[in-house]
Amino acid sequence: MKQKIDKYFWNNRYISGTIGWDIGKISNPLREYFDQLKNKEKTILIPGCGNSYEAEYLHKKGFANVYILDYSSKALENFKLRVPSFPRNNIINKDFFSLNGKFDLIIEQTFFCALEKKRRYQYVLKIHDLLKKGGKAVGVLFNQKFETEGPPFGGNKQEYYNLFSNYFQFKVFNNCYNSISQRSKRELFFIAIKTQNSE
């Protein structure tokens, strides 16, 4: 019987420590992207944040309006223990698709690949809705098919382009040159700017 991928599924993964996607630090592509951001007042959302080394990095660099969201309460408890100075009101334990708000920037790091493929179009619509006018989605996507059923669920550049292009204009969409060795030649880095097509 196929296991339901819900909040209990993800919580159990964190409780059991079966979190193979977690590299224990911020990913190189996002670290380099964050290092060139000048405006530390931007509202930034990291959905499906997990242990969220990205939020920790931004927080320590003085970004004031970073929000993290995860289905797993255990993942968020891990984060609170590791980064006790992070604002508690900016830690959200709920289903991403029920979130309301407006953000300048949405960060993608192993959340998209955790969603069942049937939910990908809904994901694109949701990040489009959550972004302010001219807002950006930025992050990393797997550029490969996985042999196992998933999660993670893989894909390729053309699939992703077809999915996003009606709602976003790609400023950057390239193979990562700075992935960790285990993911070398298996990741795409993207910067996608919200367009107004669906409004």
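Which of the following residues is more than 14 Å from residue 161 (Cα to Cα) and either touching a strand residue (DSSP E or B) at 6+ places or on another chain (Cβ under 6 Å) or of a type in the set (S, T, N, Q) (or both): 131, 141, 99?
None of the others qualify; the one that does is 131.
Across segment 75-109, what is the total count of residues that are touching an Asp or Glu at 6+ places or on another chain (Cβ under 8 Å), closer than 20 Å to residue 25 by Cβ and not in a strand (DSSP E or B)?
Number satisfying all stated conditions: 5.
Given the criteria surrounded by 18 or more Cβ atoms within 10 Å (Cβ to Cβ) and at pLDDT 95 or above, does residue 41 qualify?
Details: surrounded by 18 or more Cβ atoms within 10 Å (Cβ to Cβ): no; at pLDDT 95 or above: yes.
Answer is no for this residue.
Of everything in segment 116-128 that's touching a residue at least 60 places away in the same chain (Cβ under 8 Å) and surrounded by fewer than 20 Cβ atoms within 10 Å (Cβ to Cβ), which residue is nearest to residue 182 (Cα to Cα)?
This residue is 116.
Starting from residues that are part of a helix (DSSP H, G or I) and among the acidic types (Asp, Glu), keep the ones in segment 35-69 and report whichever is nearest to residue 134 (Cα to Cα). Write out each step before concluding.
Let us first name the residues in segment 35-69 that are part of a helix (DSSP H, G or I), namely 35, 53-60.
Going one step further and asking which of them are among the acidic types (Asp, Glu), we end up with 35, 54, 56.
On the way: 35: 21, 54: 22, 56: 25 Å.
Here the residue is 35.
Can you tell me which of 171, 136, 126, 118 is more than 15 Å from the chain's Cα centre (by Cα) and either farther than 16 Å from residue 5 by Cα or of a type in the set (A, V, I, L, M) (or both)? Walk me through how you get there before you give the answer.
Values: 136 fails: more than 15 Å from the chain's Cα centre (by Cα); 126 fails: more than 15 Å from the chain's Cα centre (by Cα); 118 fails: either farther than 16 Å from residue 5 by Cα or of a type in the set (A, V, I, L, M) (or both).
Within the list 171, 136, 126, 118, the selection yields 171.
Select from segment 1-38 the residues that are modelled with pLDDT under 80 and touching an Asp or Glu at 6+ places or on another chain (Cβ under 7 Å) and list them in ascending order.
Within segment 1-38, just 5 meets the criteria.
So the check is Cβ under 6 Å with 6+ separation or different chains; which pairs have a first residue in segment 1-15 that's within 17 Å of residue 97 (Cα to Cα) and a second one that's modelled with pLDDT of 75 or more and not in a helix (DSSP H, G or I)?
If the second residue must be modelled with pLDDT of 75 or more and not in a helix (DSSP H, G or I), the pairs left are 7/71; 10/71; 10/72.
Output the residues belonging to segment 54-65 that are under 18 Å from the mean Cα position of the chain (by Cα) and either modelled with pLDDT under 95 or surrounded by 23 or more Cβ atoms within 10 Å (Cβ to Cβ) (or both).
Here is the first cut: in segment 54-65, the ones under 18 Å from the mean Cα position of the chain (by Cα) are 54-59, 63, 65.
Scanning segment 54-65 gives 54, 55, 58.
Which one is farthest from residue 192 (Cα to Cα), of the residues in segment 89-144 that are at pLDDT 95 or above and among the hydroxyl-bearing types (Ser, Thr, Tyr)?
Taking the candidates together, the pick is 98.
What residue, among those in segment 66-106 that are touching a Leu at 6+ places or on another chain (Cβ under 7 Å) and within 23 Å of residue 33 (Cα to Cα), is surrounded by the fewest Cβ atoms within 10 Å (Cβ to Cβ)?
Here the residue is 102.
The values are calculated or read from the model by the stated rules, or taken from the named source; none is laboratory data. Small disclaimer: the values here were computed from a predicted structure and weren't measured. Note: ideal-geometry Cβ built from the backbone for every residue, glycine included; neighbour counts use all protein chains shown.
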